[in-house]
Amino acid sequence: MKLLHTSDWHLGHTLYNYDRTEEQTDVLRQIVEIVRQQKPDLFLLSGDVYHTAQPSAAVQTLFAETMVQLHDAHPAMTIVVTAGNHDSGAKHEIFKTPWRALKVHTIGNLEKEDPEQHIIEVPDVGFVIAIPYVHERNLPEGYFQRALDIVEARNTKGLPVVMMAHTTVQGCDYTGHDDTYLDAEEQYRVGGIDATTLEELGSGYDYLALGHIHHEQFVHTGRHNVRYSGSPMAVSFDENYAHSVSLVTIGRHDERPQVETIEIQNIHPLVTLPTKGQATWEEAKQLLQQFPADIPAYIRLNIEIEDFLPLEANDEASALTQEKQCRFCLIRAQRRERERTDAPAMTIQEFQAEEPIHIAQLYAEQRGGTFDDEMKQLFEEVVERIKEEEKEVTKT
Ligand SMILES: [Mn+2]
């Protein structure tokens, strides 16, 4: 069995309001070309087809045309597309029946009572268990294993078994996901979805084709058969690593898969300046000035500031790129860490007894900011206005 594994296309994603259709179309063109050359038996897209549950008509057309191109590139190939947490599971299945004419299987919702519905048997090639993203409260216990057991019983010829899922597997590498946080149980969550353990995903598959995490990687099992293909292009500036699709070959059931990555190029690279560390605002402006005029990159600036960024910084940065092909996106500013004066801690009672202006002064001192007469006056004006508004509220 030879399969191409990809996920997290995020079609329709815009980067700081810049439309990405051109680069997304080019990425899909590269993937179709890979299929034409490699002729895999299976094409697996493990969720997050679209960036939003309400993709535009143009974006849906891009997806539909790509499916047809993939089919034409290798008509014998079976295509399986599951929905991710960004997709609408119900919409994903609207054209389920007509798509079958092109050997495209679209799976958006979990059939809780009937795992059989998620099993796709490709005669003489193998089995695919295609599970879309599902919230843990809707996932019956032991569901993956039930599906795997059904396949095990049917797989009398010992053909390869592949499973698809869209989830965070505990212990994976979240690099590039700025939406990662530790929840109350100290478990990492990415994009607000729960982390699954490998055990919950059952056993008996030869390859687990995962989606959701954008950084390509094997999840450690010692067998090199649990894998995130990663997204074929960066969705955020922090995904500053190579993007690819995975080509997987499996001899027969219970054999270890061979995996090869094929890199995908982005015609509009996401560039952070400086490439390492931070620059001052003056240095950053110079870097922008020096940036080649003919590279259609997206630019993020990493700046270290003393107090505040000049108000006009964004306009200035935009102006500096006006004559160039690159697009300025944002400034990420970080205040320089100063030696902190170790102010004694205040009790709540002391804090409540303080005048607001004194608290603000203390705060400015500790952060190394300035709190001059002009700031004092502005602050007092704000406090006055809030007091007046509070009076208004109690009146009505
Ligand atoms: Mn995703």
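The values are calculated or read from the model by the stated rules, or taken from the named source; none is laboratory data. Since the structure is predicted, the reported quantities are computational estimates derived from the model, not experimental observations. As a convention, Cβ positions derive from the backbone with ideal geometry for all residues, glycine included, and neighbour counts pool all protein chains shown. Note: areas computed on protein heavy atoms with side chains; ligands, DNA, RNA excluded. Shrake-Rupley method; radii C 1.70, N 1.55, O 1.52, S 1.80 Å.
Residues of the stretch 143-171 being open to solvent by 30 Å² or more (accessible area, probe 1.4 Å), out of contact with any strand residue (DSSP E or B) (no Cβ under 6 Å at 6 or more places or on another chain) and either modelled with pLDDT under 95 or hydrophobic (A, V, I, L, M, F, W, C) (or both), which ones? Listed by number, the residues that qualify are Ile150, Ala153, Gly171. Filter the stretch 181-210 for residues that are in a strand (DSSP E or B), at pLDDT 95 or above and of a type in the set (Ser, Thr, Tyr) and give the result. Scanning the stretch 181-210 gives a single hit, Tyr207. Please go through the stretch 211-242 and pick out each residue that is within 11 Å of the ligand (Cβ to nearest atom) and assigned to a strand (DSSP E or B). Scanning the stretch 211-242 gives Gly211, Tyr228. Among the helices (runs of 4 or more DSSP H) confined to the stretch 301-391, the ones with at least 2 residues that are modelled with pLDDT of 85 or more and within 27 Å of Lys285 (Cβ to Cβ) are located at 313-321. Restricting attention to the stretch 54-65, which residues are part of a helix (DSSP H, G or I) and either touching a Gly at 6+ places or on another chain (Cβ under 9 Å) or under 15 Å from Leu28 (Cβ atoms) (or both)? Once the filter is applied, which keeps residues that are part of a helix (DSSP H, G or I) and either touching a Gly at 6+ places or on another chain (Cβ under 9 Å) or under 15 Å from Leu28 (Cβ atoms) (or both), the stretch 54-65 yields Ala58, Val59, Gln60, Thr61, Leu62, Phe63, Ala64, Glu65. Of the helices (runs of 4 or more DSSP H) lying entirely inside the stretch 83-178, those containing at least 3 residues that are away from the ligand (no atom under 16 Å from the Cβ) are 96-99, 143-154.
Among all positions in the stretch 291-307, there is at least one residue which is under 28 Å from Asp19 (Cα atoms), hydroxyl-bearing (Ser, Thr, Tyr), in contact (Cβ under 8 Å) with a residue 40 or more places away in the chain and open to solvent by less than 60 Å² (accessible area, probe 1.4 Å).
Residue by residue, here is whether (1) surrounded by 16 or more Cβ atoms within 10 Å (Cβ to Cβ); (2) in contact (Cβ under 8 Å) with a residue 40 or more places away in the chain holds:
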site	(1), (2)
Leu201	yes, yes
Glu216	yes, yes
Pro257	yes, yes
Gln265	no, yes
Thr280	no, no
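Candidates in the stretch 243-273 are the residues that are outside any strand (DSSP E or B) and β-branched (Val, Ile, Thr); of these, the one that is nearest to Gln170 (Cα to Cα) is Ile250.
Given the structure, is Val68 β-branched (Val, Ile, Thr), at pLDDT 95 or above and either within 21 Å of the chain's Cα centre (by Cα) or in a strand (DSSP E or B) (or both)? Here the answer is no, as Val68 does not meet what is asked. The set of residues in the stretch 1-31 being in a strand (DSSP E or B) and within 16 Å of the ligand (Cβ to nearest atom) consists of His5, Thr6, Leu11, Thr14, Leu15.
Of all residues assigned to the stretch 71-81, none qualifies as being within 16 Å of the ligand (Cβ to nearest atom), touching a residue at least 40 places away in the same chain (Cβ under 8 Å) and of a type in the set (Gly, Ala, Ser).
Here the stretch 35-53 is the region considered, the condition is being within 16 Å of the ligand (Cβ to nearest atom) and in a loop (DSSP other than H, G, I, E, B), and the residue that is nearest to Ile119 (Cα to Cα) is Gly47. Can you name every residue in the stretch 218-245 that is of a type in the set (S, T, N, Q) and surrounded by 23 or more Cβ atoms within 10 Å (Cβ to Cβ)? Scanning the stretch 218-245 gives Ser229, Ser231. I'd like the residue in the stretch 19-67 that is charged (D, E, K, R) and on the phi > 0 side of the Ramachandran plot and, out of all such residues, is most open to solvent (accessible area, probe 1.4 Å). Result: Lys39. The set of residues in the stretch 349-370 that are in contact with an Asp or Glu (Cβ under 7 Å, 6 or more places away or on another chain) and within 20 Å of Leu309 (Cα to Cα) comprises Gly369, Thr370.
Being without any contact (Cβ under 8 Å) to a residue 60 or more places away in the chain and either surrounded by 13 or more Cβ atoms within 10 Å (Cβ to Cβ) or not assigned by TED's automatic domain parsing to the domain that holds Gln24 (or both) holds for only one residue in Thr249, Thr275, and it is Thr275.
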